[in-house]
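Participant: Have a look at this one before I ask anything.
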Amino acid sequence: MSRQLSHFLCAAAGVLASMAATATPPAASIRASHAVAPPQGGEASSAALTGTRLVMATSAGGLMVADPRNGTITDVQPGRFDGVAVATEAAGKRPIVVAADGDHNTLHLFRLDDGKLVASGVREIPLGFAVENVCLATNPVNASLHAFALGDAGQVAQWRIYAVGDKLDARLIRTLTLPSGAKQCVADAKSTLYVAEEQIGIWRFNVNPESDLRPALIDARGLGHLGKKTTGLALFDDGGTTRWLLASNETDGVIDVYDLAGQSAWLGNFGVAASADGQRIEEPGNLAASATALGKALPRGALVVADEDGSKRYQVLSMAAVARTVGRTLEPVTPASSTPEPTLPHVMAQLESTPVAGFGDAADDPAIWADAADPARSLVVATDKKSGMYVYDMRGKVLDYRPDGRMNNTDLRAGFPLDGKPVVLVAASDRSHKSIALYRLDTHDGRLHDVADGVQATGLADPYGLCMYRSARSGETYVFINSPEGTMRQWRLVDNGAGRVRAEQVRELRFSSQAEGCVADDASGTLIVNEEDVAMWRMGAEPDAGDQRSAIARIDGNPALADDLEGVGIYHLGNGRGYIVASSQGNDSYAVYRLEGDHAYLGSFRVVADMARGIDGISQTDGLEISSRNLGPGFEHGAMIAQDGRNVMPEARQNYKYVAWSDIARALGLESRAMPAGHSTPASPR
């Protein structure tokens, strides 16, 4: 999701206005305990600390590994490298090293094995721009490892690193574009990336590509403490209460310290004195920090500072001395006794649809028609709320597109009697004409045909959510549409006698706030409605059912739910049994409840990226649909088809992801409805 970020400066200015306009002179300089000198004439460029290893990138001497306690070099890889980063892949595995090759503008992948760099990439990763540096971050949602490559024109390219057998590869996820160049970045364990944009300041972003970027300024040139040029960033996290961001301020020759555990407040700054002669370094450069104890001189970890103007060495400072200089004490760290918060089960999409035509937040809601005779020919009808209606096949290919207006939600029912023949009737909430759009789905060629008896006005200022209902009692077909202010209306759909369909209002309901996602269980006559910030409601679907309702789930009653509650669908097992699946948009997950009985909560899951197929995960879901029908190869037990609000890997307009129900069932220990190919028994006429 490439974008310019300069407009955030205005918002940040108010926050930063209270900061001092000029940097405070350092209270003291800290003398390095020792220095590490790159051999072969290499100049200090970039470094990373992991355990008792210091990995150094130099513009002439190559990539080197040293012991930070005494400077002993244990390995050298030739080449010109402008940046390096290290991360632990998983418990018990060798650290992964990523180096930015400034000659070829590529990323090199290594594993660090007992002080030696082992080339582990299946290829060099081409970037397509002049690379300046690289940093690594772990996405806590699924423990995936991401590399961020910085470019001289402000590019921030996010790549996901993944295993291919015993080797490593990477796939481009998204690219951000800053207004000007950036050379320094670092990421913490809380899914946060920090980038120093030289002409602006220090930005904070969210690492998870399936979440909002949430850009924010930590500090800015001319508004806070930063000078004209920030040449290094490092994070220090002792596992307790201390979480600091350190930034090299080349203009003033100091290193600024920010308290990330205290709203990124500036704690102070200090100068760096070289270990050899005690002379202050005028231009501190790249930084690396670690909380690992490194002997008596470095009992609470180390800060490594590249001396860019003097010795060209890496100066090693005690973090305990840094704490004293900024008036802080590093408290003893007590191992956490609490159990880590469990992660949600993960599934992956089998395939994805062609993106919709609309830009921005455009794709919204799908509906599924199952072909009982030939399940592979089943169809997906979906909306583009910027422009119209789509029909996709079960491989995600577009079969039909109608640019009829801003269609928000859609649903369908098979077997609707029209002009003496049963048809598949499709309804959509048309926000352009404030009406009910009505189509006949030609299941032979996958095309939609308008069958509305003129404009079927809703009387709503903004027709929004929509679902259909077929009454088992009367055989009548109905459509429900709600609006953002909380009004929901129900219409009976009837044949006008001339092959067209008209809508007759039969009921009105009221909610206290905005509702959108809804689904009807035809067999039980039940309507389920998601009031986005409040609850999932159950009520009667018949036109004479009244306004009584009960809560299946409340957002404030289940920590797994995060508003907005959006799309909702039903997986039918038969005989009144099944599952309700709802989109918990605020945390990019899907909550599952029993259809029958007391609607017990059974768990939640997320849809994450499949690196082998090159399909990203699903996030910010508006609409979804569930079917227990046989939908062809890979979807014999049904599927969930959901709108993807952030279509990345690579970045593209929004689309729909197809997830096999069998994968969801395995992840949560649920049942699947067994139906052999060609003998799909309908749970509802859809």
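Participant: Which value, in Å to one decimal place, does the Kirkwood hydrodynamic radius take for the stretch 146-245 when every pair of different Cα atoms is included?
Facilitator: 14.5
Participant: If you don't mind, another one. May I ask which residue of GLY405, THR138, LEU168 lies farthest towards the positive end of the charge dipole of the chain, with charges of +1 (Lys, Arg) and -1 (Asp, Glu) on Cβ and the Cα centre as origin?
Facilitator: Of the candidates, LEU168 comes out farthest on the positive side.
Participant: Starting with the highest mean, order 582-593, 614-625 by the number of other Cβ atoms within 10 Å, averaged over the residues of each peptide.
Facilitator: The peptides rank, most packed first, as 614-625, 582-593.
Participant: Rounded if a/c is under 1.5, else prolate if a/b is larger than b/c, else oblate: which is the stretch 192-262, with a ≥ b ≥ c the root eigenvalues of its Cα gyration tensor?
Facilitator: oblate
Participant: Additional query: Taking 0.36 nm per intervening residue step and subtracting the Cα-Cα distance, what contour gain separates GLU596 from ARG94 on full extension?
Facilitator: 175.9 nm
Participant: Give me the extension gain from ARG377 to THR241: residue separation times 0.36 nm, minus the current Cα-Cα distance, reported in nm with one decimal.
Facilitator: 43.2 nm is the gain from fully extending ARG377 to THR241.
Participant: Tally Lys/Arg at +1 and Asp/Glu at -1 over every other residue whose Cβ is under 9 Å from the Cβ of ALA498; what's the total?
Facilitator: -2
Participant: Just to be sure I understand, if you calculate log10 I(q)/I(0) by the Debye sum over Cα atoms at q = 0.07, 0.08, 0.09, 0.11 Å⁻¹ for this structure, which of (i) -0.46, -0.62, -0.79, -1.24; (ii) -0.55, -0.68, -0.81, -1.03; (iii) -0.58, -0.73, -0.87, -1.15 do you get?
Facilitator: This structure yields the entry labelled (ii).
Participant: While we're here: What does the charge dipole of the chain about its Cα centre add up to, to the nearest 20 debye, if the Cβ of each Lys and Arg holds +1 and the Cβ of each Asp and Glu holds -1?
Facilitator: Taking the Cα centre of the chain as origin, the dipole is about 640 debye.
Participant: Then there's this: Check which residues have an amide H placed less than 5 Å from ASN133's amide H, if you skip close sequence neighbours.
Facilitator: LEU150
Participant: With the crude spin-label approximation of a point 7 Å out along Cα→Cβ, what separation in nm comes out for ASP556 versus ASP152?
Facilitator: Each label point lies 7 Å from its Cα, and together they span 5.6 nm.
Participant: In addition: Can you work out ³J(HN,Hα) from phi for every residue in the stretch 468-478, in order, using Karplus 6.51 cos²θ - 1.76 cosθ + 1.60 and θ = phi - 60°, giving whole Hz and x for Gly and Pro?
Facilitator: Coupling constants for the stretch 468-478: 10, 8, 10, 6, 6, 6, 10, x, 6, 10, 10 Hz.
Participant: Show the residues, 5+ positions off or on another chain, whose built amide H is closer than 5 Å to the amide H of ASP453.
Facilitator: Distant-sequence amide H within range of ASP453: VAL501, ARG502.
Participant: Quick check: at a probe of 1.4 Å, how many percent of the accessible area of the chain sits on carbon and sulfur atoms?
Facilitator: Carbon-and-sulfur percentage of accessible area, whole number: 48.
Participant: Each residue of the stretch 410-420 in order: what ³J(HN,Hα) in whole Hz does its phi give by Karplus 6.51 cos²θ - 1.76 cosθ + 1.60, θ = phi - 60°, with x for Gly and Pro?
Facilitator: Once θ is set to phi - 60°, the couplings for the stretch 410-420 become 9, 7, 8, 9, 7, x, 6, x, 9, 6, x Hz.
Participant: Is the shape of the stretch 385-489 best called rounded, prolate or oblate, per the rule: a/c under 1.5 gives rounded, else a/b larger than b/c gives prolate, else oblate, with a ≥ b ≥ c the square roots of the Cα gyration tensor eigenvalues?
Facilitator: Here the stretch 385-489 falls in the oblate category.
Participant: Any lysines with Cα under 26 Å of the LYS385 Cα? List them, leaving off those in the same chain fewer than 8 positions away.
Facilitator: Within reach: LYS397, LYS434, LYS657.
Participant: Solvent-accessible area per residue for the stretch 126-231 at a 1.4 Å probe radius, Å²?
Facilitator: Result: 31 Å² of accessible area for each residue.
Participant: Give me the extension gain from TYR162 to ALA261: residue separation times 0.36 nm, minus the current Cα-Cα distance, reported in nm with one decimal.
Facilitator: Extra length from TYR162 to ALA261 when fully extended: 32.6 nm.
Participant: If you don't mind, another one. Could you order the peptides 50-56, 126-132 from most to least packed, using the average number of other C-beta atoms within 10 Å per residue?
Facilitator: In decreasing order of mean packing, 50-56, 126-132 become 50-56, 126-132.
Participant: How much mean residue ellipticity at 222 nm does the chain get from its helices, if each DSSP H run of length 4 or more adds -39500 (n - 2.57) and you divide by all residues, to the nearest 500 deg cm²/dmol?
Facilitator: Counting only the DSSP helices, I get -1000 deg cm²/dmol.
Participant: Now for a separate question. For the pair ASP67 and LYS397, how long in nm is the line joining their label points, each one 7 Å along Cα→Cβ?
Facilitator: Reported label-point gap for ASP67 and LYS397 is 6.3 nm.
Participant: What does the charge count near VAL305 come to, summing +1 for each Lys or Arg and -1 for each Asp or Glu among other residues with Cβ under 11 Å from its Cβ?
Facilitator: -2
Participant: Give me the distance in nm between label points sitting 7 Å out from Cα along the Cα-to-Cβ direction at ARG510 and LYS296, one decimal.
Facilitator: For the pair ARG510/LYS296, the computed spacing is 8.0 nm.
Participant: Please check which bits of the stretch 420-454 a label hung off ALA498 would reach, taking the label as a point 7 Å along Cα-to-C-beta and the cut-off as backbone N under 13 Å.
Facilitator: From the stretch 420-454, the list is 452-454.
Participant: Using per-residue counts of other Cβ atoms within 10 Å, averaged over each peptide, order 380-390, 662-672 from highest down.
Facilitator: Ranked by mean Cβ neighbours within 10 Å, highest first: 380-390, 662-672.
Participant: Can I ask one more? Could you pull out every residue, at least 5 positions away or on a different chain, whose amide H is within less than 5 Å of the one on LEU418? Hs are placed 1.01 Å off N in the peptide plane, and Pro or chain starts have none.
Facilitator: VAL423
Participant: Give me the orientation-averaged projected area of the Cα convex hull of the stretch 503-570, in nm², one decimal.
Facilitator: Mean projected area for the stretch 503-570: 5.0 nm², to one decimal.
Participant: Each residue of the stretch 547-557 in turn: what ³J(HN,Hα) in whole Hz from Karplus with 6.51, -1.76, 1.60 and θ = phi - 60°, glycine and Pro shown as x?
Facilitator: Running phi through 6.51 cos²θ - 1.76 cosθ + 1.60 with θ = phi - 60° gives 10, 5, 8, 9, 8, 6, 7, 10, 4, 7, x Hz.
The values are calculated or read from the model by the stated rules, or taken from the named source; none is laboratory data. Given the structure is predicted, the values throughout are model-derived calculations rather than measurements. Neighbour counts run over all protein chains shown; Cβ positions are idealised from the backbone, glycine included. The protein model used for the area step is the full one, side chains on, heavy atoms only, and it has no ligands, DNA or RNA in it. Shrake-Rupley method; radii C 1.70, N 1.55, O 1.52, S 1.80 Å.
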